[in-house]
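What follows is a set of notes on a single structure, which appears directly below.
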Amino acid sequence: MISFSIYVVDDEETITQGIIMALETRYRVEAFSTAEAAIHAIKDQPPDLVLLDIGLPGMDGIEALSKIKNLCPDILVIMVTAYEDLNTVISSMKLGAYDYVVKPIHMEALEVTIGNALETIRLRKEIEFFQERYLRENVPCFVGESDAIQDVMEFIGMVAKSPDTPILILGETGTGKELIANAIHYRSPNFKGGLMTMNCASIPKDLIESELFGYEKGAFSGASASGKKGLIEEAANGTLFLDEVGDLSLEAQAKLLRFLEDGEFYRVGGTKKLQIQTRVVSATNKDIDTMIQDGTFRKDLYFRLGVIKVKIPTLNERRDDIIPLAKRFLYEFSKKFNKEFTGISEETQGALMEHVWTGNIRELRNLIERGILIGRGPELNLRDIGMEEVNRGKVSEQAKDEISFTALPSTGIDLPSVQKSLERFYIEEALKIAGGNESKAARLLNINHHTFRYRRKKLGAG
Ligand SMILES: Nc1ncnc2c1ncn2[C@@H]1O[C@H](COP(=O)(O)OP(=O)(O)OP(=O)(O)O)[C@@H](O)[C@H]1O
Ligand SMILES: [Mg+2]
């Protein structure tokens with residue numbers, strides 16, 4: 001059973017004592033005689049509910065209410081007022097109070113009000129629980145173990161809570177922007193409304209407007225006779241995801257901006273003004289700053305869309321995710337192609353770790369898909385993913401003959417550290433010969449420039 005905690009804020013001790021006695025068998029109750037003391041405690045440990053007297057010495061209840069709502073919007077606040085002053089009651093409701101009770105407090109009535117409030121909290125927690133479960137079950141392929149992606153997930157968990165704030169997802173191609181947009185929707189209160197996605201790049205420019213805003217019957221030739229709702233209407237109280245938003249025409253940008261500013265729009269060919277609440281999440285892999293300079297993207301729209309910006313790190317910046325992702329895709333495609341792959345060979349894992357992923361997760365996914373399709377298993381090896389030539393270049397073959405190795409001592413060696421030293425040694429030698437030019441040095445070692453730079457940085461060579 002969920003155990004709720006309640007803070008009672010009143011300067012009259014007889015009142016706080018009475019409330020504590022009535023409630024303490026069922027809830028954890030703490031009393032404070034000033035708003036300042038209560039707010040201090042809330043910062044440390046937020047309760048589920050606050051019973052807040054309006055006429056307090058020092059900071060009054062109304063000011064305290066707005067502070068509490070700013071600190072923790074989730075806390076429910078019940079105002080306690082000495083007389084039913086309608087104006088005060090209205091202003092506290094506007095500031096987000098859940099309900100109010102009038103002094104002298106009728107304990108049974110108070111208990112009913114508290115019971116209702118806590119039921120609201122219980123339902124809210126239940127929804128959060130199901131949202132989490134839905135997310136786990138429906139976006140099962142989301143892999144994110146690196147600190148970089150964990151930070152992103154924590155951030156979106158926070159910003160998803162406010163249902164109206166537009167969020168702009170930025171990141172290179174294939175970094176998972178679409179999955180992140182999904183995660184935002186399923187973690188937000190808009191979860192109950194629908195998630196509607198429009199790919200601005202794949203819809204012909206002259207259809208974008210009617211897709212987005214809908215149209216009235218007879219709006220244009222070819223329009224359905226009954227008219228049609230647009231995605232904005234379909235996404236009412238939910239999320240509208242505008243993918244590849246950098247591809248919107250300037251005309252569509254102007255209309256979208258108007259909608260974002262006041263939530264109002266007209267269907268194409270319509271005269272009735274419509275108003276809808278939905279959260280707009282957008283994504284792009286384009287460099288919007290450059291587009292703004294070129295005049296192809298409106299700066300004001302950029303600010304509107306990007307009230308909150310989320311930058312998804314590249315796969316190269318989150319290398320801890322490479323192997324878990326590869327294993328996930330191995331599992332996914334083995335099942336899909338009905339093949340029995342049990343794992344990824346050590347050297348293949350090494351090559352995946354060293355590769356520079358310009359196409360990010362999509363590139364990795366495609367590579368594993370191809371490997372499973374053509375490989376025999378049971379392990380995914382270098383040949384399956386087309387990476388074996390890196391290790392067997394002509395120069396290396398020739399060079400191998402020229403390198404002399406010492407015999408293995410009877411006590412053995414620590415091969416991984418020998419490998420590292422050897423690699424560092426040759427990277428430094430190659431840099432010396434190439435006069436510090438990385439491309440030349442990479443060629444001397446028969447590896448590509450990106451791999452060279454990555455290995456050099458990793459080993460701290462040169
Ligand atoms: N964290 C992740 N876990 C598992 N799979 C992922 C993850 N992130 C992305 N993917 C997969 O990688 C592929 C590319 O992701 P997505 O389409 O979301 O990229 P994108 O950032 O929208 O790219 P683009 O800018 O090219 O549209 C998809 O198949 C997606 O399922
Ligand atoms: Mg995408």
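Just so you know, all these numbers are worked out from the coordinates, no wet-lab data involved. No experiment lies behind these values; they were computed from the predicted model shown. Backbone-built Cβ (ideal geometry, glycine too); neighbour counts: all protein chains shown.
What's the angle, to the nearest 10 degrees (0 to 90), between helix 177-186's Cα axis and the longest principal axis of the chain?
30
Identify all lysines with a Cα-Cα distance to residue 311 below 28 Å; exclude those on the same chain that are fewer than 8 residues away in sequence.
Cα-Cα hits under 28 Å: 161, 177, 192, 205, 255, 286, 299, 327, 457, 458.
Of 7, 127, 116, which is farthest along the charge dipole of the stretch 5-127 in the positive direction, counting Lys and Arg as +1 and Asp and Glu as -1 at C-beta?
Ranked along the dipole, the leading option is 127.
Within 10 Å of each residue's Cβ, count the other Cβ atoms and sort 77, 418 from fewest upward.
Result, fewest neighbours first: 418, 77.
Net charge near residue 274, counting Lys/Arg +1 and Asp/Glu -1 over other residues with Cβ under 9 Å of its Cβ?
My count for the surroundings of residue 274 gives +1.
In what order do 29, 159 fall by count of nearby beta-carbon atoms within 10 Å, going from fewest to most?
With the fewest neighbours first, 29, 159 line up as 159, 29.
Can you put 410, 421, 33 in order, fewest other beta carbons within 10 Å first?
In order of increasing Cβ crowding within 10 Å: 410, 421, 33.
For the ranges 380-387, 285-292, what's the packing order if you count other beta-carbon atoms within 10 Å of each residue, average per peptide, and put the highest first?
Top to bottom by mean Cβ count within 10 Å: 380-387, 285-292.
Once you place label points 7 Å from the Cα toward the Cβ at residue 3 and residue 261, how far apart are they in nm?
Result: 5.4 nm between the two label points.
Where nothing but the Cβ of Lys and Arg (+1) and of Asp and Glu (-1) is charged, how large is the charge dipole of the chain around its Cα centre, in debye to the nearest 20?
Dipole size: approximately 1880 debye.
Any idea what Rg and Dmax come out to for the stretch 316-390 if you just take the C-alpha atoms, in Å?
For the stretch 316-390, the Cα-based Rg and Dmax read 11.1, 33 Å.
With charges set only on the Cβ (+1 for Lys and Arg, -1 for Asp and Glu), what does the dipole of the stretch 151-313 come to about its Cα centre, in debye to the nearest 20?
That gives the stretch 151-313 a dipole magnitude of about 500 debye.
Residue 155: net charge of surrounding residues, Cβ under 12 Å, Lys/Arg +1, Asp/Glu -1, itself excluded?
Result for the neighbourhood of residue 155: +2.
Which of the chymotrypsin sites (Phe, Trp or Tyr not before Pro) found in the stretch 213-316 are in a DSSP loop and have at most 13 neighbouring Cβ atoms, other than their own, within 10 Å?
Those satisfying the criteria are 220.
Select from 245, 16, 190 the residue farthest towards the positive end of the dipole of the chain; place +1 on Cβ of Lys and Arg, -1 on Cβ of Asp and Glu, and compute about the Cα centre.
245
Taking the Cα-to-Cβ direction at residue 294 and at residue 142 and moving 7 Å from each Cα, how far apart do the two end points lie in nm?
Output for this residue pair reads 3.2 nm.
Please give the FRET efficiency for residue 14 paired with residue 71, using the beta carbon to beta carbon distance and R0 = 35 Å, rounded to the nearest 0.05.
The formula returns an efficiency of 0.75 here.
Under 10 Å from the Cβ of residue 423, count the other residues' Cβ atoms, weight Lys and Arg +1, Asp and Glu -1, and hand me the total.
Charge balance in the 10 Å sphere: +4.
Magnitude of the Cβ-charge dipole of the stretch 316-390, K/R +1 and D/E -1, about the Cα centre, nearest 20 debye?
Here the stretch 316-390 has a charge dipole of around 420 debye.
For the stretch 151-313, which semi-axes, largest first and in whole Å, follow from the square roots of 5 times the eigenvalues of its Cα gyration tensor?
26, 19, 13
Specify which residue in the list 256, 163, 312 is farthest towards the positive end of the charge dipole of the stretch 151-313, using unit charges on the beta carbon of Lys, Arg (+1) and Asp, Glu (-1), about the Cα centre.
163
Go ahead and run the numbers for FRET between residue 432 and residue 154, Cβ-Cβ distance against an R0 of 45 Å, rounding to 0.05.
0.50
What is the mean projected area of the alpha carbon convex hull for the chain, to one decimal in square nanometres?
Here the figure is 35.1 nm², rounded to one decimal.
Can you give the three extents of the C-alpha atoms in the stretch 5-127 along their principal axes, from longest to shortest, in whole Å?
36, 30, 28
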